[in-house]
Each structure stands twice: as C-alpha cells, then as structure tokens.
Amino acid sequence: MSIPWRGVIRRILSMLGTLLGVAVFVFIMLRAIPGNQITAGLGTEAAALTPEQRAALEAYYGIDKPLLGQFFTWIGNVLTGNLGFSSRSQVSVLSLTLNALPVTFELAVLSIVLALLIGIPLGMLSASKPDSPRDAIGQLIGLAGLSVPSFLLASALLTILSAKFGFNPNGEAYATLTEDPVRNLRQMLLPSLTLGFGIAAPIMRTTRTALLEVRSQDFVRTARAKGVGMRRLQVRHILGNALVPIVTITGLQFGYLLGGAVVVEQIFSLPGIGRQVLIGIQGKEYAVVQSTVLVIALLFVVVNLLTDILYRIIDPRVRAE
Amino acid sequence: MTVEMLVDTPPRGGQRLRLLLHSRSGMAGLVVVCLLLIVAVAQAVGLLGYNPLTQVPGIRLQGPTAAHWFGTDQFGRDVFSRVAAGVANTARIALVAVGAAALVGTLLGVVAGFFLKGPDAVISGVTNVLFAFPPLLLALSLASVMERNWFTVAVAIAIVYVPIFIRVARGPVMSLRGIEYVRAAISSGQSRLMIMLRHVLPNITSIVIVQVSLSLSWAVLTEASLSFLGLGTPPPAPSLGSMIYEARTLVYVAPWTMIAPGVVVVLLVVGLNLLGDGLRDAFDPRKRGT
C-alpha cells in the first residue's frame, strides 16, 4: 500500500483554501443577526443602555473596529488557541470544546460501529437474492432507517423505556468513559442506537448496490470458472471490491455525526459539541457559536480528507491514476 | 447516472411516466404524498371544520373520538387539524427551499461547467465552503441568525441544498461541452446563452428532477428537526416537529399527541423517499425497456 503523496498534498492545499472560506462565511453569517451582538445578547435590556455604556461594550467586544480588522483579530485569536469566552459558563470556549469533543467522538464511533453491524449484513442479505422476500425485508428496514426522524425515534425510545422499564440512564449526570465506564456506556446506548439505525440505511443501500454491481462483472465469472470456492469468492472477490463505496459512505456519515448529532445529543443530554452550538444559540452567546461551528467544520473537512485518502489507498483504479 | 447514458438515449417523457406507473413502490409513494397533501389543502381552505389554533379549555387531552379523530392536545386544540396544518407548513417550506435551491444551484452549476476558468473557480470555491458544514448544523446556524418565520426557515434549508444542485449540474455540463453538437454550436457562433438554454439545460433536466425528489424528503426531515429544536416556524403555528417536542411530556397521559404527528411525518418522508426512488429508476436509462 503506497500513499499517493502528490494528490494528498493538492487536497490539503485546497482544504486550507476551503477553511479560509469557511471562516469568512461563519464570520459574515453571525454579522447578519438583526442588531448586533450586544442588543441580541441583552434583548430588551439593551434599550436601557446609556450611549457611554453601549460604546464601552462595543469596545469590549471589539465591534467598534472595521469589519476586516475584526475578522483578522478573530482568525489570529483562533490560530493561537483563543476561541473566545463563554460568559454564561465562565470558561473559555477552548476548554468547553475540549470537554465536548470526546463525548461527540465516542458517540460517533459507537454509532458507526452499530450502523456497520446492522447495515452491511442487511445489504449482503438483500443482495444475495434481489427482488426476493428477504430483499424486500432488507429494503424495508433500510427505508425505515431513512424515513424515521432521529428525534422521533429518540423521543419514543426514551419515553417508552423510562416509563415501562424504568430505564433512564441519561437522567443522571453524564459520566465520561474514564470516570465510570459502565454508566458512560449505558448513557451512550440509546443515543448510538438511534443514530446507528439511521446511518445503517445508507450503508445498507450502498452495500446492496455495490455487491450487485461487482457481482455482475467479468472477473467474478472468471473467478468462478477457474474454481474459486464460494466463500472465498463472496468475501475476497466480491465484498473486497464492494468495499470502496462502503468506505466512502461510512467516512461521510462519520463526518456528519461529528456535527450532525445535535438533535440526539440534545434529547439525551449528552454534553457534546452539537449541544454546545445549540446552547450557544439559545443563550445568544455568539462567540461560542462562531468558534464551535468553525471547529466542527474543520473536523468535518479533515474527516472527509482522510476518507478520500483511504479511498485512494484501497481503490487500485484511483491509485493508478 | 452518467452523461454518456443521457446523451446516448435522449429522454422520452411518456416512457418515463410508464416506468414510474409500473413501479409499485413509486406509485405507493405518490399516492401517500398526494393523500397527505389533499388533507393539508382541505384543512387550509377550511373544509375540515376545526381551526388548529382554537383553544377549547373544556376538552383538554381527550382521546380520539368521532368529533376529534386524533384527540385533543393540552390546550384543547384539535390534533387532526393541527397535524394537517403541520403537513401544509412543512410541505410549503420543503417545496420553496428545494425549488429555490434547484433553480439557483442548477444555474450556477451550468455556468460553472460551461465557462470553466474564473466563474468555475469562484462557484466551486463557494460550493466547497458550503459542503464543509454538516447539513443540519448549517441549517440551524443559518436559521438561528435570521428573523424567525416560515420563509427564513425555507431560505436556511435552501442554502444547504444549493451546493448539491451545483455539483449535480456542473459535472454533466462539463462533459456535454465536449459533445459534437455543442461544440458545433459554439464554433458556429451561437450566443452562449442560447447554447446553454437550448442544448445544455434540456440534457440535465432529468438529473435535476431526480435530485429534487430525493432532496424533498431530506428537506422535510430538516424542517421537522429544526422545529423540534425550537428553530423552525415559531409557535403557535402548528409544525410536526414542535408538536412532537411538546408531546414528550404528555405522552404518558395522552400518547396520541405524539403518535399522530409522528406517524404522519414518517408517512410523508416514506412517501417522498419511495417516489424519489421510483423517479430515479424511471429516469435511469439502464432500466429502460426492462
């Protein structure tokens, strides 16, 4: 396995350009708020400010300076690790983020593992006999995964399990994996099942399509003709070649999870990065929102880059280019 | 679907319709979506008899009856008419969002793929930036900074979908540029605008239509998630997501307040997904004649 360095370097350079664009976009987006950070944060109390108080606050937040200056100050701060300060929780956004990231990361890994455990066997089952009853069952489960909103599944699981069985691990304070592994995993169970079920659907569909496509190719017939055993044919030749699209979709979904788990984190009170954005929005703490969204976009872009590299490594056709 | 296939076999409207009609799941999706929309429209024009906002304190949290098919909620409002109004709200937002995204995204994608160079660099750069955000996060960040009403929710969702349509249109247009009749049109000195409208756009309509139908189910899910998080259409306007949110504390005493909007949102998304899959198969030239 060799890594195609030239392509990787080109991708990293274009990624840096994209990230600069992301920073500009986030910066402009938060300037689009009606009023400014002060009036938005204080609400109706803002009307009671004297002009001097207002000027002092504007100077404090740096919003009396020209926009371009504000942007470069922010970027400079972010690059030196200063993501801002959350006045509500009285800690820096950096430490908030460093506490939230492991939660989201663990949730994403567990969800992806569950999704692969559900999605790949289902896809193989469906593809083993297209248009048969077992294919229909597989496709039906896939359709349900695509169509049931995660917030509905999460709400239903939570209410039913806690009412009927008294199972509500997420009612207690959150424990990290190192503090209390058992409690942590109990708290991760329902959220990762919810997300895993949803993500299993695209993985199942991709697996099914890829298997059917690979199976119809000439080299499979050749392998069969030269007497390759059924099991070896299935695993080595067919699944091995179908792996490329499956890896791509899995990487993409993992990226979504790092920022897209907002709803599930919120419902199960998991202190992850998505919930941090939401709390920032609800508390009108735009410094928190601005920096957290930037961090999430950075992670998302990096995960996509890694997926792309992995895909280049495992796909012989791309490697040859 | 690749361009070669599109260009090899020019699309035929009647054949596609037949394929869609023959796909049982596609038809089932169409029927489900149409039924839900009919109920929503009937509600909107006042045929169902109840106002989804009228509170009747005497009949709070009543189970389903002949008068109130889906029961009543904690304010004595009729759940059936609220669900119907919620479908109308969601459908309006999803249609406006996906329609706007398809229009803007396709045009930008055609321009980028046709002119390449400068315009392409700018448009593709913007596309990459928008793709750098997880979709739901982008939608909720955008929704949070705008004045909150149904239209801004639609705008937020539309912005998330624009890059998808840019990418869907750009690739095929780049390939079309190399096809003989387009090159002939360019060298015969026809205006670029005419070439794009007459030769390029018609060739990518089927790809765009399929993408529209697939995006609608996502848009419905996004709208419902936003309103569940309190970032959708503001109350008291009924929305499926916020109804489910409110029902979480009521579900022990009045399960119908969650079941009704929950089942309907799933039906709507299932219907749109089936319809989308059916359309995709109908437009896929590989399935033609099978």
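The values are calculated or read from the model by the stated rules, or taken from the named source; none is laboratory data. Source: prediction; values computed, not measured. Note that we place each Cβ from the backbone using ideal geometry, even for glycine, and neighbour counts take in every protein chain shown.
Which count do you get for residues in segment A:120-134 that are surrounded by 18 or more Cβ atoms within 10 Å (Cβ to Cβ) and of a type in the set (Gly, Ala, Ser)?
Here the count works out to 3.
Might you check whether a residue that is away from every other protein chain (no Cβ under 14 Å), more than 25 Å from A:VAL26 (Cβ to Cβ), in contact with a Gly (Cβ under 9 Å, 6 or more places away or on another chain) and crowded, with 22+ Cβ neighbours inside 10 Å occurs anywhere in segment B:97-115?
Among the residues of segment B:97-115, at least one is away from every other protein chain (no Cβ under 14 Å), more than 25 Å from A:VAL26 (Cβ to Cβ), in contact with a Gly (Cβ under 9 Å, 6 or more places away or on another chain) and crowded, with 22+ Cβ neighbours inside 10 Å, which makes the answer yes.
What number of residues within segment B:129-168 satisfy the criterion of being outside any helix (DSSP H, G or I), in contact with a helix residue (DSSP H, G or I) (Cβ under 8 Å, 6 or more places away or on another chain) and more than 8 Å from chain A (Cβ to nearest Cβ)?
Number satisfying all stated conditions: 0.
Out of everything in segment B:116-128 that is away from chain A (no Cβ under 14 Å) and without any contact (Cβ under 8 Å) to a residue 12 or more places away in the chain, what residue ends up being surrounded by the most Cβ atoms within 10 Å (Cβ to Cβ)?
B:PRO119
Hey, any hits in segment A:293-309 for a residue that's more than 14 Å from the chain's Cα centre (by Cα), more than 12 Å from every other protein chain (Cβ to nearest Cβ) and of a type in the set (D, E, K, R)?
Yes, that holds for at least one residue.
Inside segment B:235-282, can you point out the residues that are β-branched (Val, Ile, Thr), at pLDDT 85 or above and buried (at least 20 other Cβ atoms within 10 Å of the Cβ)?
B:ILE244, B:VAL264, B:VAL265, B:VAL269, B:VAL270
Please work out which residue is surrounded by the fewest Cβ atoms within 10 Å (Cβ to Cβ), limiting yourself to segment A:259-279 and to residues that are part of a helix (DSSP H, G or I) and more than 9 Å from every other protein chain (Cβ to nearest Cβ).
A:ILE279
Yes or no: segment A:129-138 includes at least one residue that is within 13 Å of chain B (Cβ to nearest Cβ) and modelled with pLDDT of 85 or more.
yes
Under the condition of being within 22 Å of B:LEU107 (Cβ to Cβ) and charged (D, E, K, R), which residue from segment B:130-173 is surrounded by the fewest Cβ atoms within 10 Å (Cβ to Cβ)?
Looking at residues that are within 22 Å of B:LEU107 (Cβ to Cβ) and charged (D, E, K, R), I get B:ARG167.
Results for (1) basic (Lys, Arg); (2) touching a residue at least 12 places away in the same chain (Cβ under 8 Å), shown as yes or no for each residue.
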{"site": "A:PRO133", "(1), (2)": "no, no"}
{"site": "A:ALA136", "(1), (2)": "no, no"}
{"site": "A:ASN170", "(1), (2)": "no, yes"}
{"site": "A:ALA173", "(1), (2)": "no, no"}
{"site": "A:ARG183", "(1), (2)": "yes, yes"}
{"site": "A:MET188", "(1), (2)": "no, yes"}
{"site": "A:PHE197", "(1), (2)": "no, yes"}
{"site": "A:ALA200", "(1), (2)": "no, yes"}
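I want to confirm something. Restricting to segment A:245-258 and keeping residues that are at the interface with chain B (Cβ under 9 Å from one of its Cβ atoms) and of a type in the set (A, V, I, L, M), which single residue is farthest from B:GLU223 (Cα to Cα)?
A:LEU258
For B:ARG286, all conditions in the list (1) at pLDDT below 85; (2) at the interface with another protein chain (Cβ under 10 Å from one of its Cβ atoms) hold save one; what is the number of the exception?
Among (1) at pLDDT below 85; (2) at the interface with another protein chain (Cβ under 10 Å from one of its Cβ atoms), B:ARG286 violates only (2).
Applying the selection to segment B:233-255, what residues are in a helix (DSSP H, G or I) and either over 23 Å from A:GLY145 (Cα atoms) or in contact with a strand residue (DSSP E or B) (Cβ under 9 Å, 6 or more places away or on another chain) (or both)?
Matches in segment B:233-255: B:GLU246 only.
What number goes with the only condition from (1) modelled with pLDDT under 85; (2) away from every other protein chain (no Cβ under 14 Å); (3) under 25 Å from B:PRO261 (Cβ atoms) that B:ALA91 does not pass?
(1)
Just the residues that are more than 14 Å from B:SER206 (Cα to Cα), within 10 Å of chain A (Cβ to nearest Cβ) and under 14 Å from the mean Cα position of the chain (by Cα), please, taken from segment B:261-282.
Listed by number, the residues that qualify are B:VAL265, B:LEU268, B:VAL269, B:VAL270, B:GLY271, B:LEU272, B:ASN273, B:LEU274.
When you go through B:VAL153, B:VAL126, B:VAL110 one by one, which is the residue that is among the hydrophobic types (A, V, I, L, M, F, W, C) and farther than 29 Å from A:LEU13 by Cβ?
Within the list B:VAL153, B:VAL126, B:VAL110, the selection yields B:VAL153.
Quick one: would you say B:PHE80 is away from chain A (no Cβ under 14 Å) and either within 19 Å of B:SER217 (Cα to Cα) or surrounded by 18 or more Cβ atoms within 10 Å (Cβ to Cβ) (or both)?
Against the criterion (away from chain A (no Cβ under 14 Å) and either within 19 Å of B:SER217 (Cα to Cα) or surrounded by 18 or more Cβ atoms within 10 Å (Cβ to Cβ) (or both)), B:PHE80 qualifies.
Could you run through segment B:169-190 and say how many residues are small (Gly, Ala, Ser), free of Cβ contacts under 8 Å to residues at least 60 places away in the same chain and in a helix (DSSP H, G or I)?
3
Inspect segment A:260-269 for any residue being among the charged types (D, E, K, R) and within 18 Å of B:LEU142 (Cα to Cα) and give the result as yes or no.
Checked segment A:260-269: no residue is among the charged types (D, E, K, R) and within 18 Å of B:LEU142 (Cα to Cα).
Within segment B:241-254, track down each residue that is of a type outside the set (Val, Ile, Thr) and facing chain A (nearest Cβ under 9 Å).
Within segment B:241-254, B:GLY241, B:TYR245, B:ALA247, B:ARG248, B:TYR252 qualify.
Return the only residue of B:PRO135, B:PRO119, B:PRO172, B:PRO202 being within 27 Å of A:VAL264 (Cα to Cα) and of a type outside the set (A, V, I, L, M, F, W, C).
B:PRO135
Here is a check on your reading of the model: is B:ALA185 more than 13 Å from chain A (Cβ to nearest Cβ), hydrophobic (A, V, I, L, M, F, W, C) and within 22 Å of B:ALA88 (Cα to Cα)?
no
For residues in segment A:145-162 being surrounded by fewer than 21 Cβ atoms within 10 Å (Cβ to Cβ) and of a type in the set (Ser, Thr, Tyr), which is nearest to the other protein chains (Cβ to nearest Cβ)?
A:THR159
Tell me, which residue of segment A:222-258 that is of a type in the set (Lys, Arg) and not in a loop (DSSP other than H, G, I, E, B) is farthest from A:MET204 (Cα to Cα)?
A:ARG224
Here are some residues: A:LEU110, A:LEU57. Which one is aliphatic (A, V, I, L, M), modelled with pLDDT under 85 and more than 18 Å from B:VAL129 (Cβ to Cβ)?
A:LEU57
When you scan segment A:116-142, how many residues do you find that are out of contact with any Lys or Arg (no Cβ under 9 Å at 6 or more places or on another chain) and either basic (Lys, Arg) or assigned to a helix (DSSP H, G or I) (or both)?
12
Being within 14 Å of another protein chain (Cβ to nearest Cβ) and touching a Ser or Thr at 6+ places or on another chain (Cβ under 9 Å) is true for just one of B:LEU214, B:LEU231. Which residue is that?
Exactly one of B:LEU214, B:LEU231 is within 14 Å of another protein chain (Cβ to nearest Cβ) and touching a Ser or Thr at 6+ places or on another chain (Cβ under 9 Å), namely B:LEU231.
Could you grab me the full set of residues in segment A:163-181 that are part of a helix (DSSP H, G or I), more than 9 Å from chain B (Cβ to nearest Cβ), surrounded by fewer than 18 Cβ atoms within 10 Å (Cβ to Cβ) and at pLDDT below 85?
A:LYS164, A:GLY171
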